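Peer 1: Provided herewith is a single structure, encoded as structure tokens, for subsequent inquiry.
Where a number appears in this text, it was derived from the coordinates with a stated rule and is not lab data. These numbers were taken from a predicted model, which means no experiment stands behind them. Counting neighbours? That spans all protein chains shown, and the Cβs are built from the backbone with ideal geometry, glycine included.
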Amino acid sequence: MSFWYSSIGLPAPRPGLAAGTDVDVCIVGGGYTGLWTAYYLKKADPGLRVTVLEQRVCGYGASGRNGGWLYNGFAGRGAFARRYGTDRAQAMQRAMDDSVREVADVAAAERIDADLVLGGVLEVARTPAQLARMKAFAAEEDAFGEHELAVLSAAEATARIRVDGVLGGTWTPHGARIQPAKLVQGLARVVQDLGVVIHEGTEVTAVHPAAAGRRARAETAAGTVTADYVLRATEGFTAGLRGERRTWLPMNSAMIVTEPLPESFWAATGWQGHEVLGDFAHAYMYAQRTADDRIALGGRGVPYRFGSRTDTDGTTQQRTVDQLREILHRFFPGTAEARIDHAWAGVLGVPRDWCATVELDRGTGLGWAGGYVGSGVTTTNLAGRTLRDLVLGDRTELTELPWVGHQVRRWEVEPLRWLGVHSLYAAYHAADRQEAAGRATTSPIARFADRVSGR
């Protein structure tokens, strides 16, 4: 269980599916993607019969375990620019910028208390090579229309958050801290109040396209749900569906959270704006100051389990906890004596080209969204609005974005997947060690890993 759920308690599960049924739209997965899609569909057409099928409880997966970064990054912008043109990638970036505010506005309008604070995103460079990447990143952001990104000197960055050893940083207003489990549970409550039927404890084992006069179907042990549209919103758990094992790779990310830290620590650190915090390492970290004055910090840890297996309880290995604790202490020496109160892991979906996608095939009645590569808190909202437009048959600015219908090849068979992913992250860690030793430019090991991975 994540700290986010341990702090608020797991909700009582909703009733599972008792028998097969027929609806207009069946959504497989009760995380952010599925719930945002249900929300926008019912808002647009209250008469639609929408059912969500969730194998555990809403927000059991990454939606209840993530780092709480509501920000404007998305997976695949560079690849979309190369394949579809800079203008379309810029349109995608503008949509993501707007989506940060959209989530905040909906949370306020629907009275979802998710500890949301629009403090922006601070990313810091702590080595000369990271500083060079930071400057290249800032130039790229500007080229894609992110003109509100500020490039900070070491003094300006530490004035926001006093991270040890900082050489520079960037800050954008397009970001917020959230409590992930509060957001997903609030959203589940809202969509249920709108008339969406949510069945928890209901595992979907396969989805089937419409064919030979039959509508699209979602298959469960309790019966089959037929619908005009079956939308797959399973993200890192997609590999558990029949025939989808090589669609998206389930990548593990882990987190730790400290005990509540005293006011003297926060006064010394200066972390008063509630920015979310990241860095420019290859094996990067991400962190936030929680509403109850803890630091929640995450990173990749053990990135992948053989055969695309996914965890059941969010447990993580002690060596991953130790690795994250070391990062915490490097960034904030004042936490050296702080207790680690909780550690957990979550699984996210990674496409072979590291590009998120959304799609609806009106002929088969099947649709999906996902492959967010760790940027899903905001991208799921954009996905939900885009799937709404696709289901309703509306041609809008959202349906013209380049991730709609983007085709991704499947992952390699085992053991190539396991060997490739573990070699990739070993290379990134080695590159970080090289750069920490004083290398002034990006390690060639990391450049090679980028080419191999297709990033």
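Peer 1: Between Arg395 and Ala139, what FRET efficiency comes out of the Förster formula 1/(1 + (r/R0)^6) with R0 = 35 Å and r the beta carbon distance, rounded to 0.05?
Peer 2: The calculated FRET efficiency here is 0.55.
Peer 1: Please label the shape of the range 30-73 as rounded, prolate or oblate, based on the square roots a ≥ b ≥ c of the eigenvalues of the alpha-carbon gyration tensor (a/c under 1.5 means rounded; beyond that, a/b larger than b/c means prolate, else oblate).
Peer 2: oblate
Peer 1: Could you work out [θ]222 nm for the chain from helices alone, using -39500 (n - 2.57) per DSSP H run of at least four and dividing by all its residues? Round to the nearest 500 deg cm²/dmol.
Peer 2: So the helix-based figure for the chain works out to -11000 deg cm²/dmol.
Peer 1: Hey, another quick one. Compute the Cα gyration tensor for the range 1-49, then decide on rounded, prolate or oblate, letting a ≥ b ≥ c be the square roots of its eigenvalues: rounded whenever a/c is under 1.5, prolate when a/b is larger than b/c in the other cases, and oblate in all that remain.
Peer 2: oblate
Peer 1: Would you report the distance distribution of C-alpha pairs in the range 409-455 as whole percents per 5 angstrom bin, up to the bin with the largest distance?
Peer 2: Binned Cα distances yield the sequence 5, 22, 26, 20, 14, 7, 5, 2.
Peer 1: Scaled to the compact-protein estimate 2.2 N^0.38 Å, what is the alpha-carbon radius of gyration of the range 1-85, rounded to two decimal places?
Peer 2: 1.40
Peer 1: Report the antiparallel proportion of the DSSP beta bridges in the chain as a percent, rounded to a multiple of 5.
Peer 2: 70 percent
Peer 1: Another one. What is the diffusion coefficient of the range 314-383 in µm²/s, taking the Kirkwood radius over Cα pairs and the Stokes-Einstein relation at 10 °C with a viscosity of 1.306 mPa s?
Peer 2: 104 µm²/s
Peer 1: Further question: Cα-Cα pairs above 38 Å in the chain: how many percent?
Peer 2: 19 percent
Peer 1: Further, regarding this structure: Taking only Cα atoms, what is the 0 to 90° angle, nearest 10, from helix 180-193's long axis to the longest principal axis of the chain?
Peer 2: 20 degrees
Peer 1: Taking a temperature of 4 °C and a viscosity of 1.567 mPa s, what whole-number D in µm²/s does Stokes-Einstein yield for the range 138-177 with Rh from Kirkwood over alpha carbon pairs?
Peer 2: 119 µm²/s
Peer 1: Hey, another quick one. In what sequence, highest mean first, do 73-82, 440-449 appear when ranked by Cβ atoms within 10 angstrom?
Peer 2: Top of the packing list down: 73-82, 440-449.
Peer 1: Moving on. When ranked by the protection proxy of mean other Cβ atoms within 10 Å per residue, highest first, what sequence do the peptides 169-179, 241-251, 39-49, 262-272 form?
Peer 2: My ranking of the peptides, most packed first, is 169-179, 241-251, 39-49, 262-272.
Peer 1: I need the Debye-formula profile for the range 44-162: one equal scatterer per C-alpha, no solvent, reported as log10 I(q)/I(0) at q = 0.11, 0.13, 0.21 1/Å, two decimals.
Peer 2: Log-scaled intensity ratios, in q order: -0.57, -0.77, -1.32.
Peer 1: Apply 1/(1 + (r/R0)^6) to the Cβ-Cβ distance of Arg309 and Glu156, taking R0 = 51 Å, and write down the FRET efficiency to the nearest 0.05.
Peer 2: For Arg309 and Glu156, the calculated efficiency is 0.70.
Peer 1: What angle, in degrees between 0 and 90 and rounded to the nearest 10, separates the Cα long axis of helix 32-44 from the longest principal axis of the Cα atoms of the chain?
Peer 2: Approximately 50 degrees, to the nearest ten.
Peer 1: Let me ask another. Over the range 170-310, what is the relative contact order in percent, taking alpha-carbon pairs closer than 8 angstrom and at least six residues apart?
Peer 2: Relative contact order of the range 170-310: 20 percent.
Peer 1: Now for a different question. Stretched out fully, how many nm does the piece from Asp87 to Ala109 gain, at 0.36 nm a residue minus the Cα gap?
Peer 2: Stretched out fully, the Asp87 to Ala109 stretch lengthens by 4.7 nm.
Peer 1: May I pose another question? Sort 363-369, 59-65 by packing, meaning the average of other beta carbons within 10 Å per residue, with the highest value first.
Peer 2: 59-65, 363-369
Peer 1: Can I ask one more? For the chain, take the longest principal axis of its alpha carbons; what is the angle in degrees between that and the long axis of helix 128-143, to the nearest 10 within 0 to 90?
Peer 2: Long axis of 128-143 versus the principal axis of the chain: about 50 degrees.
Peer 1: When the Kirkwood hydrodynamic radius is evaluated over all pairs of different C-alpha atoms of the range 56-115, what value in angstrom, to one decimal, is obtained?
Peer 2: 13.6 Å
Peer 1: Once fully extended, how much extra length lies between Ala221 and Ile8, figured as 0.36 nm per residue of separation less the alpha-carbon to alpha-carbon distance?
Peer 2: 73.6 nm
Peer 1: Shifting gears a bit: Tell me whether the range 252-355 comes out rounded, prolate or oblate; compute the Cα gyration tensor, take square roots of the eigenvalues as a ≥ b ≥ c, and use a/c under 1.5 as the rounded threshold.
Peer 2: Note, shape of the range 252-355 comes out prolate.
Peer 1: Determine the relative contact order of the chain: mean sequence separation of Cα pairs under 8 Å and six or more apart, normalised by residue count, in whole percent.
Peer 2: Answer for the chain is 23 percent.
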